[in-house]
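The values are calculated or read from the model by the stated rules, or taken from the named source; none is laboratory data. This is a predicted model, so every value here is computed, not measured. Cβ placement follows ideal geometry from the backbone for every residue including glycine, while neighbour counts extend to all protein chains displayed.
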Amino acid sequence: MGRRFEPSGPLRGSLRPPPDKSISHRAALIAAMGEGETAIGGYLDAADTRSTLGAVEALGARVEGVGADAIEPLLRVGGVGLRGAAAAAIDVGNAGTLLRLLPGWLAGQEGGSWTLDGDESIRRRPVDRIVEPLRSMGADLSCREERLPPLEVRGAPLHGARYELPVASAQVKSCLLFAGLLADGETRVVEPQPTRDHSERMLRAAGAEIERDGDAIVVRPARQLWPERFVVPADFSSAAFFLVAGLLVPGSEVALEGVGLNPTRTGLLSILTRMGAELEVRPQGEEGGEPTGTIVARASELGATEVGGAEVPLAIDELPLVALAACFAAGETTIREAAELRRKESDRIAAVAAALGGLGAAVEASEDGMRIAGAGGLRGGTVDSRGDHRIAMLGAIAGLASRQGVEVGGMEAAAVSYPGFEADLASLGGG
């Protein structure tokens, strides 16, 4: 039996979405690499980020202060140092970010050995995109069929290298930057387009020698890191569901507070504004080196657009929501050069096309994107989340804005990144 989301009246009110998932993963990993204790304010307590805490504990780090029974509002992580990770079998659960970032740190720790494995979904997610460049730095890695988990990492001496990313990916970039900290000589990662830069900001704050040089990010070897403190802002990707709901449900006005406004994450705002969305951004300063603010979304009449090129990595996790908005927009919207969507928790091109098509949309999937013919809205029906948290939440928002409602199968997948999603939606009057 699925969870049903009926057509909604106007959504009204404000809320602070949960802490940023990408930054939470990185905060725990960099804290584990550090010397002494690191305090992390606002760490996301969700399935994926708990997998990262479990991983760093398995590597020897001390973790205190997370969970429903925690009295201390800060998460505290006692690091093992850059070269002090204990040999272990790591269960990454469903956390693709953990699977792709952690091997970069482990690969350069000589004498250690680690196995990274996870759930059924993780076992279908390719790791060859990190294996190939890490091997070019001297890493000793092996995986199933040369591309799939489990991933075996045997610590080896690394040398700096220059690597051009064939596809813009913040996860692959971050993996190589972690490896570069332990390598002999300079490591240079060249991006085809800029991607989210949380790792660079956080490593620099922890004392790493890292800089941007044109289209490349350069990192030099480090002896130690001293992170000391991170503060995690509210997750823009989580806020995006409510922003789009506010645009699509007539009469709505929704404010999302304390949201991270890092320009390498907020490409969705530019896309929606181009479509005619009435959005207001109120900057509020910085938390932990990340700009934050409030975003207000008001119900709007939308028009079609084209999305591709440099915009894609700045909105990769929000492109399913662009497709949803396009169902309500006048004209045909095209999303292209987004093949990265096929390598997420599900094949999100196929999943989004199937979900929206099943609700009455005219959607045509391509190898690297999709075309959506706007028809003034969605009929309703059923959506299979395919175990993907973003598809589950997409189905819920579609239900509120639809004519007949939507039943979402596998809604529990939302807990991977947003355990309180349904309660927050209800607080705005949706469901």
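Points to keep in mind about this one:
- Residue list for segment 115-133, filter: part of a helix (DSSP H, G or I) and either within 15 Å of Glu164 (Cβ to Cβ) or hydroxyl-bearing (Ser, Thr, Tyr) (or both): Arg129, Ile130, Glu132, Pro133
- Hits in segment 4-35 (condition: buried (at least 24 other Cβ atoms within 10 Å of the Cβ) and part of a strand (DSSP E or B)): Phe5, Pro19
- Pairs, first at negative phi in segment 28-41, second at pLDDT below 95 and of a type in the set (Asp, Glu), C-beta under 7 Å, six or more apart: Thr38/Glu228
- Options Glu287, Glu311, Glu306, Glu280; residue that is outside the structural domain of Arg26 (by TED's automatic domain parsing), in contact with a strand residue (DSSP E or B) (Cβ under 6 Å, 6 or more places away or on another chain) and closer than 30 Å to Pro166 by Cβ: Glu306
- Filter result for the condition that a residue is closer than 19 Å to Ser427 by Cβ, in contact with a Leu (Cβ under 8 Å, 6 or more places away or on another chain) and either assigned to a strand (DSSP E or B) or at pLDDT below 95 (or both), over Val296, Val281: Val296
- Where a residue in segment 262-283 is within 14 Å of Leu319 (Cα to Cα) and its partner, wherever it lies, is among the basic types (Lys, Arg) and at pLDDT below 95, with Cβ under 7 Å and at least six apart: Arg265/Arg196
- Test set (1) under 19 Å from the mean Cα position of the chain (by Cα); (2) among the aromatic types (Phe, Trp, Tyr); (3) modelled with pLDDT of 95 or more - Phe5 fails condition number: (1)
- Scan of segment 376-418 for residues that are of a type outside the set (A, V, I, L, M), touching a residue at least 24 places away in the same chain (Cβ under 8 Å) and over 19 Å from Phe328 (Cβ atoms), ordered by number: Thr382, Asp384, Ser385, Arg386, Gly387, Asp388, His389, Glu407, Gly409, Gly410, Ser417, Tyr418
- Residues located in segment 391-423, provided they are assigned to a helix (DSSP H, G or I) and in contact with an Asp or Glu (Cβ under 7 Å, 6 or more places away or on another chain): Gly399, Ala413, Val416
- Of all the residues in segment 132-152, those that are under 21 Å from Val189 (Cα atoms) and among the aliphatic types (A, V, I, L, M) number 4.
- Segment 329-345, residues that are touching a residue at least 40 places away in the same chain (Cβ under 8 Å), surrounded by fewer than 24 Cβ atoms within 10 Å (Cβ to Cβ) and not in a strand (DSSP E or B): Gly331, Ala339, Glu340, Arg343, Lys344
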